[in-house]
Every structure is written in structure tokens, then in C-alpha cells.
1. Using packing as a proxy for protection, rank 134-147, 236-249 so that the peptide with the highest average count of other Cβ atoms within 10 Å comes first.
2. Which entries of K152/K233; K46/K242; K212/K233; K70/K211 have Cα-Cα distances beyond 32 Å here?
3. State, to one decimal in nm, how far the label point of A66 lies from the label point of K3, with both points 7 Å from Cα in the Cβ direction.
4. What FRET efficiency comes out for the pair Q200/I221, r = Cβ-Cβ distance, R0 = 22 Å, nearest 0.05?
5. How many angstrom separate the Cα center of region 138-192 from the Cα center of region 18-49?
6. Counting only residues 5 or more places away or on other chains, whose amide H sits under 5 Å from the amide H of A95 once H atoms are built in the peptide plane?
7. Once phi is turned into θ = phi - 60°, what whole-Hz ³J(HN,Hα) does the Karplus curve with 6.51, -1.76 and 1.60 give for every residue of region 184-191, x standing for Gly and Pro?
8. Which value in nm describes the separation of the simple spin-label points at E184 and Q55, placed 7 Å from the Cα toward the beta carbon?
Amino acid sequence: MDKLYVIKIGGNIIDDEQKLAAFLQSFASIHAPKILVHGGGKLATKLAAQLGIEQQLIDGRRITDAETLKIVTMVYAGFINKNIVAQLQANGCNAIGLCGADGNVIQAHKRQHPFIDYGFVGDVDVINTPLLQSLLAQHINVVLAPITHNKKGLLLNTNADTIAREVAQAMSILYEVHLLYSFEKKGVLLDTNDDNSVIQSINLSYYEELKKEQKIFAGMIPKLDNAFAALKKGVHRVVIGKAEQLEQLVAQTAGTSIINEM
């Protein structure tokens, strides 16, 4: 099986022009098929404030009302997505930028919750693996924005970490998939104030123990939940680490490796 890298880039890196440029240079140098999933950064929040559209977050997740949906679609699927694609082209890496509606690449449904109305937030149903495989076979790398659709004309704001996991799982039927979550920290930390307290590898039982002892930073829990879920569904390897160390993450010499006990 050929290797495929599915790499999620965190919003904090997108907000920093120099760090993003360096990351994309490293991404372009990976000599294998690759899919980049990006978050949104602070630009959508900044634009919403300028337009006087109040933003509401619950447990770190954005409530997406109709006006906010317009903003995140413009920012995520527009400026950020195309800026990344343009920089990859400048690095000699042919790429195409898509949101979920393009080519029906990510179909989702509006999130249902018994108590909270998340608005136009989507949960993934189907990944169009034949389309992705076709593009990769033509040596076109794919850049995915975290906007999906429900095939009934409705766009939906969808968590980028989850999109990365769903894409990695779906493509694992066709490739040996390596899923990398890259962001501003060196990996999963034992001490959030010490960037060098990286846990080199973590299995499910150790993870449960750390959660019980409240030693895992709350913002890291969704990433780790996605990582373990991906391994259970056939993804070959999952690593969490620093975007500036992308080449080492690919070489397995940095970050936190998530271990499947099965």
C-alpha cells in the first residue's frame, strides 16, 4: 500500500504568516500523496467583531448562526484556503483547495443535540474517497477547508480535527494512512507550562489514567479522542506535534505517537 499523509494544521499557525510559510514549505517537501486539512484561526472572529456580529462559544466550540456561517465560509473556504493553495504552488507543490460541497467531497448533517443548538454546525457522514483518490493519482495534493454541506443546499461549519480523522479513516481502505495533528505545541504535554514535557508515546490506558488525574490539558482531549478513534478504524499511525517540526513528525523523531493496543 502507498503511504498517504493526512495533516491537520492548527489555527494558531495560520495566524502567523512566517510560521505558516515555513510549514507549507515543509509540507511541499513531503514526497508522497498528501491531504492538508486546515482550521480557521482568528480571522473569522476578528471579521465578525468588525461587522458587529457577536460570537458565542460553548466548550470552545463556535455556535454558528446564519451570519457567522457566511463569515466562516468566506474566511475558511475563501481567503485561508486559497492563500494556502497559492503558497503551495509557489513551493512547486501542485494543489487544489476544496470545501465539502466541492465535488461532494464531504457530506454532513446538521448537528442534533438534546440541549444545545449549535446552529449551522455539521457532523460528517460521508467522504468522497474516489474523488480524493483520483486527484492524488494525478499528483494533485488536496487542501480541505472545514466547511461541509448536507446535499440539500445547506453549508455547515465542521470541526477541522474531526474532518482530518474522518478523511484519514475513509482513505485507509486505499492507503497506509499517517495522520498528523500539527499545531503550536511540541506534542501532548505532562505540564502545559513546560513545552519540553512531551509524552513520546501514549496508549489508551495511559490516556485514561492521565485524564482521571486531570493531567491532560482540556483542549487536547478532543485531539486525542480523534486520534484513538482513527487508529481503531484502520489508520496506520497518528502523531500530535509542533507544526515547525513537521519534517521530524513525518520521520517519527518528534511529537507524541498515539499507540493502538489492538
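Every number here is computed from the coordinates shown, using simple stated rules; none is lab data. All values reported here derive from a predicted model rather than from experimental measurement. A quick note on method: Cβ atoms are made from the backbone with ideal geometry, for glycine too, and the neighbour counts reach across all protein chains shown.
1. Numbers: 134-147: 19.9, 236-249: 21.6.
My ranking of the peptides, most packed first, is 236-249, 134-147.
2. Working: K152/K233 28 Å; K46/K242 25 Å; K212/K233 25 Å; K70/K211 37 Å.
K70/K211, as the Cα separations exceed 32 Å there.
3. According to this spin-label approximation, the distance is 4.9 nm.
4. Working: r = 19 Å, r/R0 = 0.86.
Calculated value: 0.70.
5. 12
6. N141
7. Per-residue couplings from phi come out as 8, 9, 6, x, 7, 9, 6, 10 Hz.
8. That separation, rounded to one decimal, is 1.3 nm.
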